[in-house]
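**Q** I'd like to ask some things about the structure below.
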Amino acid sequence: MGPPVSSVIANLVMENIEIRALEIYANLPRLWKRYVNDTFLIMKKSKLFEFFTHVSTVESVIQLTMKGTQIFHHASFNHATINH
């Protein structure tokens, strides 16, 4: 994984991307939670891909991925299950 400071630097970079992305986007998610490199958000499904594209363009050298784009009655995040 690298030196112990690498996780701190990665977290700072992700936080910077998060701040820049959320500052300039009009349709913010209702909920945005991030833990290290995992992000859990709640927003209108019709705006999801638009938002993902927006966040992906904030920092072009970092490739973001998205999974779990279907509507579920439960979701897993950081080894916890959220039931609806």
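**Q** When you scan segment 39-54, how many residues do you find that are surrounded by 10 or more Cβ atoms within 10 Å (Cβ to Cβ) and either within 25 Å of V8 (Cα to Cα) or of a type in the set (G, A, S) (or both)?
**A** 5
**Q** Would you pick out the residues in segment 36-54 that are part of a helix (DSSP H, G or I) and either among the aromatic types (F, W, Y) or closer than 15 Å to R20 by Cα (or both)?
**A** F49, F51, F52, T53, H54
**Q** Filter segment 55-65 down to the residues that are part of a helix (DSSP H, G or I) and hydrophobic (A, V, I, L, M, F, W, C), then identify the one that is surrounded by the fewest Cβ atoms within 10 Å (Cβ to Cβ).
**A** This residue is V58.
Taken together, the values in this text are just the output of simple stated rules run on the coordinates, not laboratory data. Predicted model, so just to flag it, every value in this text is computed and none were measured. Note that we place each Cβ from the backbone using ideal geometry, even for glycine, and neighbour counts take in every protein chain shown.
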